[in-house]
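The values are calculated or read from the model by the stated rules, or taken from the named source; none is laboratory data. Note that the coordinates shown come from a computational prediction; the quantities given were computed from them, not determined experimentally. Heads up, the Cβs are rebuilt from the backbone with ideal geometry, glycines too, and the neighbour counts pull from every protein chain shown. Please note that ligands, DNA and RNA were not included when accessible areas were found on the heavy atoms of the full protein model with its side chains. Shrake-Rupley method; radii C 1.70, N 1.55, O 1.52, S 1.80 Å.
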Amino acid sequence: MNKLRRFSSELKFHDRPTRAHMLFDKYKEILTGSVLDVGADAMYMQKLILSQDVKYVGIGYGENIDFEVNLEDLPLNFESNSFETVLCFDVLEHLENLHQMFDELCRISDKYVIISLPNPWKDFFSVLLKGDYSIDESMKFYGLPVQMPKDRHRWFFSESDAIRLISELSKKNNYTVIQQDSDGDSLPLGGRGPYGMVARLILRLLFRKDINTCALSHGTSYYVLQKNETLI
């Protein structure tokens, strides 16, 4: 997996609309031709992408969605190789059919697939350090609420689990992961100073010796897949 960052953005985000601006700024080089946004939420990417004279289609559930689609029902109603780039931001972890959906993203794309996944290990570690997510919920998306939640994550995994999954499924579908990075991966757990060094040492003493402290500090991870026939 290539560690060199071809795609990056200096923009900061604090909610879903500002995150869409960051993602567009980061990947605009390959958001060309036609884009399918799977799980498009409230279509935050739409205006940004359409401003570049690019065909954009958003599917899933949300405000002003182009096509309401139950993402558990596959295959998706699109021809193979029908969109230059397929987006799937923070969606796969919500699906029971995660592996089959991954295959569909690769089938529909003509060149690129961009995926993001959360890091549940960080969320759990934050609960241990700082307390429950809310009064009624121990962990967002992973608790056991009294009322049936509208949504939840179907999978609990580490960053290394996610990297391994994306790498292996990409190979299966004849794609190469050309970039993987994570929110917060430029700063080690606890920081770079003496406090951070002590914190990481304590973790290794408390937990297993090979613990990857990055797995406890990194946020959402991002993956850019490129179809092998188009590699240059």
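Computed values, structure above
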| item | result |
| --- | --- |
| Some residue of segment 154-174 being among the hydroxyl-bearing types (S, T, Y) and more than 30 Å from I202 (Cα to Cα) | yes |
| Looking only at segment 131-164, and only at residues there that are β-branched (V, I, T) and in a loop (DSSP other than H, G, I, E, B), the one that is least open to solvent (accessible area, probe 1.4 Å) | V146 |
| Residues of segment 79-96 classified as more than 16 Å from the chain's Cα centre (by Cα) and open to solvent by less than 50 Å² (accessible area, probe 1.4 Å), total | 3 |
| Count of residues meeting criterion [polar (S, T, N, Q) and over 15 Å from the mean Cα position of the chain (by Cα)] in segment 171-182 | 3 |
| Flag if L74 is modelled with pLDDT of 95 or more and either part of a loop (DSSP other than H, G, I, E, B) or surrounded by 15 or more Cβ atoms within 10 Å (Cβ to Cβ) (or both) | yes |
| Answer from D123, D151, D136, D132 - the residue that is without any contact (Cβ under 8 Å) to a residue 24 or more places away in the chain, farther than 21 Å from P75 by Cα and within 19 Å of the chain's Cα centre (by Cα) | D123 |
| Any chance D132 is of a type outside the set (F, W, Y), in contact with a Ser or Thr (Cβ under 8 Å, 6 or more places away or on another chain) and at pLDDT below 95 | yes |
| Condition check for F124: modelled with pLDDT under 95, more than 17 Å from S170 (Cβ to Cβ) and out of contact with any helix residue (DSSP H, G or I) (no Cβ under 7 Å at 6 or more places or on another chain) | yes |
| Members of segment 23-65 that are buried (at least 17 other Cβ atoms within 10 Å of the Cβ), touching a Gly at 6+ places or on another chain (Cβ under 7 Å) and hydrophobic (A, V, I, L, M, F, W, C) | V38, A40, M43, I65 |
| Residue count, segment 7-22 (criterion: touching a strand residue (DSSP E or B) at 6+ places or on another chain (Cβ under 9 Å) and surrounded by 12 or more Cβ atoms within 10 Å (Cβ to Cβ)) | 3 |
| Verdict on L48 being part of a strand (DSSP E or B) and within 19 Å of P17 (Cβ to Cβ) | no |
| Filter result (aliphatic (A, V, I, L, M) and in a loop (DSSP other than H, G, I, E, B)) within segment 1-44 | M1, L4, L11, L31, A40, A42, M43 |
| Per-region count, segment 173-232, residues open to solvent by 40 Å² or more (accessible area, probe 1.4 Å), in a loop (DSSP other than H, G, I, E, B), under 15 Å from I163 (Cβ atoms) and modelled with pLDDT of 90 or more | 1 |
| Subset of segment 105-130 (residues that are open to solvent by less than 20 Å² (accessible area, probe 1.4 Å), assigned to a helix (DSSP H, G or I) and either over 18 Å from G33 (Cα atoms) or not aliphatic (A, V, I, L, M) (or both)) | C106, P120 |
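Each row is one residue, and each column tells you yes or no for (1) more than 16 Å from S116 (Cβ to Cβ); (2) basic (K, R); (3) at pLDDT below 95.
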position: G39; (1), (2), (3): no, no, no
position: Y56; (1), (2), (3): yes, no, no
position: E63; (1), (2), (3): yes, no, yes
position: D66; (1), (2), (3): yes, no, no
